[in-house]
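Inspection log for the structure reproduced underneath, given as structure tokens.
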Amino acid sequence: ITVICVYGSYSLATYLGVSGLIAVVVAGLYFGNLTMQTTIVQKARGTVKSFWQIIAFVANSVAFLFIGLSTDVTQLVAGALAIGVAFLAVNLARAASVYPILAIFSTAKSKIPTSWRNTAMLGGMKGALSIVLLASIPSSVAQRGTITTMVLGVAFLSITLQGSLLFRYANAKFPRRQKSTKTEADARLSATLAELEQLRRLKEQGAIPEDEFARLMGQREKELAELVEEMKVTNQTAMVLRSRWRGLVSLFRRKRKKRSAA
């Protein structure tokens with residue numbers, strides 16, 4: 001369905017005479033922020049995310065390979081003035097759209113901090129999408145060479161200068177929380193075990209139906225995944241946490257099978 005959504009939106013947009021690439025971006029935002037969160041089960045959601053992460057990696061690799069093969073350093077140097085003007089214009093346009101829009105949605109009850117606004121401004125780096133849009137320009141366009149130089153130059157400046165600035169600014173304004181300790185992990189895992197035991201008792205008492213039981217179990221699994229993601233200690237620690245979770249679930253399932261057999 002997601003592949004059909006991608007190709008279908010591109011084909012429909014092309015047929016209507018508008019940008020197919022932008023249509024794919026809009027379709028992806030809609031699907032990822034609404035459909036994925038409401039109508040897709042947890043297991044399928046993980047599969048879809050993994051699939052598109054691989055596709056996105058391959059697509060980005062191809063796009064930046066195109067940059068390397070297309071870049072002529074002498075043309076970039078010769079077009080330095082045009083690149084500088086384009087880079088300035090792109091950032092002014094970004095500021096003109098980000099700050100007023102966020103100001104409109106910032107209210108007394110739900111104020112958007114200045115640090116968030118600045119991060120949104122710096123986050124508008126140009127990369128793969130700009131390169132793909134460039135590749136879609138027909139070779140018959142007279143100014144295609146100039147456009148190519150400007151786009152590649154802006155993408156280079158955006159990734160190197162703007163990316164570095166965003167990284168430094170985010171680290172300064174949003175310091176990372178201290179890593180969770182093993183004690184905290186044990187406490188949260190113990191809480192998960194207690195919740196599993198409570199779910200088992202409710203299931204045995206017939207207090208919750210089968211589908212509700214499966215949904216709650218899925219939530220516990222998601223909570224553990226978030227714990228591992230939040231901790232980001234080491235690969236070994238992540239493996240230990242996953243092993244503990246699998247042991248809990250396996251133990252619970254064995255007990256349930258024994259009761260069913262009895």
(message) Looking at residue 71 and the list (1) modelled with pLDDT of 80 or more; (2) surrounded by 15 or more Cβ atoms within 10 Å (Cβ to Cβ), which single condition is not satisfied?
(response) (1)
(request) Please indicate, with yes or no, whether at least one residue in the stretch 128-143 is hydroxyl-bearing (Ser, Thr, Tyr), open to solvent by 30 Å² or more (accessible area, probe 1.4 Å) and modelled with pLDDT of 85 or more. (result) no
(request) Output yes when any residue across the stretch 163-179 is touching a Ser or Thr at 6+ places or on another chain (Cβ under 8 Å), at pLDDT below 75, more than 30 Å from residue 87 (Cα to Cα) and not acidic (Asp, Glu), and no when none is. (result) no
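I need a count of the residues in the stretch 111-127 that are hydroxyl-bearing (Ser, Thr, Tyr) and open to solvent by less than 70 Å² (accessible area, probe 1.4 Å). Break it down stepwise before answering.
Just the residues of the stretch 111-127 that are hydroxyl-bearing (Ser, Thr, Tyr), to begin with: 114-115, 119.
Now restrict to residues that are open to solvent by less than 70 Å² (accessible area, probe 1.4 Å): 115, 119.
Result for the stretch 111-127: 2.
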(request) Return the total of residues in the stretch 1-47 being open to solvent by 60 Å² or more (accessible area, probe 1.4 Å), assigned to a helix (DSSP H, G or I) and over 30 Å from residue 219 (Cα atoms). (result) 8
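Say we look at the stretch 105-150 and pick out the residues that are assigned to a helix (DSSP H, G or I), among the aliphatic types (A, V, I, L, M) and free of Cβ contacts under 8 Å to residues at least 24 places away in the same chain; which of these is nearest to residue 167 (Cα to Cα)? Before you say what the answer is, go through the steps one by one.
Of all residues in the stretch 105-150, those assigned to a helix (DSSP H, G or I) come to 105, 114-122, 128-135, 144-150.
Still in the running and among the aliphatic types (A, V, I, L, M): 120-122, 128-129, 131-135, 147, 150.
Restricting the remaining residues to those that are free of Cβ contacts under 8 Å to residues at least 24 places away in the same chain gives 120, 134, 147.
Details: 120: 12, 134: 27, 147: 28 Å.
Filtering the stretch 105-150 for residues that are assigned to a helix (DSSP H, G or I), among the aliphatic types (A, V, I, L, M) and free of Cβ contacts under 8 Å to residues at least 24 places away in the same chain, the one nearest to residue 167 (Cα to Cα) comes out as 120.
The values are calculated or read from the model by the stated rules, or taken from the named source; none is laboratory data. Predicted model, so just to flag it, every value in this text is computed and none were measured. Because the Cβ atoms are built from the backbone with ideal geometry, glycine has one as well, and the counts that use them run over all protein chains shown. Side chains included, ligands, DNA and RNA excluded: accessible areas come from the protein's heavy atoms. Shrake-Rupley method; radii C 1.70, N 1.55, O 1.52, S 1.80 Å.
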